[in-house]
Amino acid sequence: MSIYSKIRIIFFVSVLFVTAFFGASFYIQKGEHLREMQKRYVKTSRFIKKHYRQSKSYYKAPDFDLFLQESSFEPVVNEEKVRKIRKKAHLVTKRGVLRSKFKILRIKNQFYLSLEHPHFQLLLKDKQLSAPPWQLLGGYLLSLLFLLGLYFWLTRSLKPLKTLQRQIQKVAEGDLSVSVKSEQRDEIAEVANAFDDALRKLESLINSRQLFLRTIMHELKTPIGKGKLLNTFLKDEKLEEGYDAVFERLELLIEEFSKIEQMLSSSYALKLASYNAKDLVEQALELMIMNEAQIEEQVIIIKKEPLIVHTDFKLFALALKNLIDNAIKYAPDHKVTITITKESLILANKGLQFTETLDTYAKPFHGKDHGLGLGLYIVQNIMEILKLDLNYTYSNAENVFTISVPKEPR
């Protein structure tokens, strides 16, 4: 769940709590108002009964009219009007006071006191109009505005975080040129600036590495070119052919280094197509610094079923070449068996079982006995780029590496 979703949930729950609080306050205030109204109506009813007993003329006496005026009541004397009011009005409450009954009637915001006595009936209009609870309503609206303002302030404060997330995604895709520098003074800006500083250092390191590798490759090409030129002056044809083969292998190695550098810097553009697995194996063997006699002696190819691989031809062959090279190097008999099946490419060599996981061996500079330990690191990176699975098992005293090929391209 994103942080924006959490803020929305908190905002929604806060609105519910505020609404519940003011709703409860409104009903409490309404109940209090109704109780106060009932007290006033009971007091009025008792006064009318007392006045009736004393004077038998309840609405014509001066003190009676004065009391009604002070109590904010007005008698309704028109009988037709009385009937209409009793018919249309909504009954709010009713109760008995001694032998009489009184009812509180309501039409919209107008209240009436209906008094029923065995000897008389009286309808009084309440001149105190029921005013809406403006204070509660105002408090509720102000609370909602405060919560709404807080919500927009929080989401606006977190907007740089969303921008930072988009920029980090670009970095993950290989674009190190993005800048996440921020001029703000909050914690998000501190994180963004720290990340930008780390990004600039990383970019500098990568540029330094690329410059270093390209300089080495350039400097190696110069003596190779001179060597090939001088080789043409040799009179011994056998020696000339041998040197030519060495220079060609060196050029292949430089080209391989170039591909690895592009791959690791995420600047390599994949050229995906469907290829026969046998052709990929043959291309990998061509990259090996071995003559045909050595290949025939040390590499056994078993084709059980045809296999089509949707991949980058040069990159896949480079990974396969490193796997074959490692298998031959570490096998006691210096041999490798390559089996082509319907769904996978399997490389097996005799030797001791891995003492650690494949991921550990695939770390750069892991090797302790021979070489730099970059072979499996290069293979694993190429498999990730090509979206293929490389698995390791140990069976029948053999190390088995399986490249699983999906039926449909990922």
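When restricted to residues that are crowded, with 18+ Cβ neighbours inside 10 Å and free of Cβ contacts under 8 Å to residues at least 60 places away in the same chain, the stretch 299-312 contains 1. Consider the stretch 322-341 and keep the residues that are modelled with pLDDT under 90 and charged (D, E, K, R). The one that is surrounded by the most Cβ atoms within 10 Å (Cβ to Cβ) is Asp325.
Among the numbered conditions (1) open to solvent by 80 Å² or more (accessible area, probe 1.4 Å); (2) at negative phi, the only one that Phe316 does not meet is (1). So which residues in the stretch 375-406 are under 36 Å from the mean Cα position of the chain (by Cα) and on the phi > 0 side of the Ramachandran plot, if there are any at all? The answer is Lys387, and nothing else. Annotation note: Cβ proximity below 6 Å between a residue of the stretch 273-287 that is under 16 Å from Lys303 (Cα atoms) and of a type in the set (Val, Ile, Thr) and a residue that is surrounded by 14 or more Cβ atoms within 10 Å (Cβ to Cβ) and at pLDDT 90 or above (sequence gap 6+ or interchain) occurs for Val281/Ile338.
Scanning the stretch 210-228 for residues that are among the aliphatic types (A, V, I, L, M), modelled with pLDDT under 75 and open to solvent by less than 50 Å² (accessible area, probe 1.4 Å) turns up at least one hit. Is one or more of the residues making up the stretch 192-212 over 30 Å from Phe21 (Cβ atoms), part of a loop (DSSP other than H, G, I, E, B) and touching a Pro at 6+ places or on another chain (Cβ under 8 Å)? Looking for residues that are over 30 Å from Phe21 (Cβ atoms), part of a loop (DSSP other than H, G, I, E, B) and touching a Pro at 6+ places or on another chain (Cβ under 8 Å), one finds none in the stretch 192-212, hence no. The number of residues in the stretch 36-71 being more than 13 Å from Leu124 (Cβ to Cβ) and either modelled with pLDDT under 70 or under 60 Å from the mean Cα position of the chain (by Cα) (or both) comes to 12.
Looking only at the stretch 387-404, filter to residues that are in contact with a strand residue (DSSP E or B) (Cβ under 7 Å, 6 or more places away or on another chain) and either polar (S, T, N, Q) or free of Cβ contacts under 8 Å to residues at least 24 places away in the same chain (or both); which one of those is least open to solvent (accessible area, probe 1.4 Å)? Once the filter is applied, the top-ranked residue is Asn399. When Ser143 is tested against (1) polar (S, T, N, Q); (2) at pLDDT 85 or above; (3) in a strand (DSSP E or B), just one condition goes unmet, and that condition is (3). For Lys226, the stated conditions hold: it is more than 43 Å from the chain's Cα centre (by Cα) and either part of a helix (DSSP H, G or I) or of a type in the set (Ser, Thr, Tyr) (or both). Among (1) open to solvent by 90 Å² or more (accessible area, probe 1.4 Å); (2) over 30 Å from Ala89 (Cβ atoms), there is one condition Lys108 misses while meeting the rest; what is its number? Of everything listed in (1) open to solvent by 90 Å² or more (accessible area, probe 1.4 Å); (2) over 30 Å from Ala89 (Cβ atoms), Lys108 misses just condition (2). Each residue in the stretch 67-92 was checked for being open to solvent by 80 Å² or more (accessible area, probe 1.4 Å), among the β-branched types (Val, Ile, Thr) and out of contact with any Phe, Trp or Tyr (no Cβ under 9 Å at 6 or more places or on another chain), and 0 of them qualify. Of all the numbered requirements in (1) open to solvent by 100 Å² or more (accessible area, probe 1.4 Å); (2) within 21 Å of the chain's Cα centre (by Cα); (3) under 28 Å from Ile385 (Cα atoms), Phe195 misses one, and that requirement is (1). Take Tyr268 and decide whether it is surrounded by 15 or more Cβ atoms within 10 Å (Cβ to Cβ), modelled with pLDDT under 80 and in a helix (DSSP H, G or I). When the stated conditions are applied, Tyr268 does not pass them.
Is it the case that some residue within the stretch 298-315 is out of contact with any Lys or Arg (no Cβ under 8 Å at 6 or more places or on another chain) and in a helix (DSSP H, G or I)? No, the stretch 298-315 contains no residue that is out of contact with any Lys or Arg (no Cβ under 8 Å at 6 or more places or on another chain) and in a helix (DSSP H, G or I). Criterion applied to Leu148, Leu124 was being hydrophobic (A, V, I, L, M, F, W, C), under 30 Å from Val13 (Cβ atoms) and either at pLDDT 85 or above or in contact with a Pro (Cβ under 6 Å, 6 or more places away or on another chain) (or both), and the one residue passing it is Leu148. Among residues of the stretch 1-24 that are at negative phi, those with a beta-carbon under 8 Å from a residue that is among the polar types (S, T, N, Q) and assigned to a helix (DSSP H, G or I) at least six positions away or on a different chain give the pairs Tyr4/Thr155; Ile7/Thr155; Val18/Ser143; Phe22/Ser143.
The values are calculated or read from the model by the stated rules, or taken from the named source; none is laboratory data. In this text the structure is predicted, and so the values were computed from the model without any measurement. When we count neighbours, we look across all protein chains shown, and the Cβ atoms used for this are built from the backbone with ideal geometry, even at glycine. The accessibility values were calculated without ligands, DNA or RNA, using every heavy atom of the protein model including side chains. Shrake-Rupley method; radii C 1.70, N 1.55, O 1.52, S 1.80 Å.
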